Amino acid sequence: MLTTRIYRAARPVNEALAEVKDKAGTQFCPRCVGALDRILPLESVVSDLPNAEPQVQAELVRAS
């Protein structure tokens, strides 16, 4: 959904996430959608620390 294909343009992240949440339980596993929803905010926190060591980034994610 997030990449452009010859048959459609890429969709914005918030739109794609809304569709995944909407289709949880039918097209997508509800547990996986829940996990994705929980980790997305953590990904933005870790990406704000580009100079942090990978081990430090992993520990920040585990601590949250």
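Scanning region 1-55 for residues that are at pLDDT below 85, among the hydrophobic types (A, V, I, L, M, F, W, C) and open to solvent by less than 70 Å² (accessible area, probe 1.4 Å) yields LEU40, LEU42, VAL46, LEU49, ALA52. Contact annotation: residue pairs with Cβ atoms under 8 Å, 6 or more positions apart or on different chains, pairing a residue in region 7-20 that is outside any loop (DSSP other than H, G, I, E, B) with a partner that is β-branched (Val, Ile, Thr), are VAL20/VAL33.
Residues of region 12-27 being over 14 Å from the mean Cα position of the chain (by Cα) and under 21 Å from PRO41 (Cα atoms), which ones?
Matches in region 12-27: ASP22, LYS23, ALA24.
The values are calculated or read from the model by the stated rules, or taken from the named source; none is laboratory data. Being a predicted model, the structure only gives us computed values, none of them experimental. Every residue, glycine as well, gets a Cβ built from its backbone with ideal geometry; the counts of neighbours run over all protein chains shown. Side chains are part of the model used for accessible areas, which takes the heavy atoms of the whole protein and leaves out ligands, DNA and RNA. Shrake-Rupley method; radii C 1.70, N 1.55, O 1.52, S 1.80 Å.
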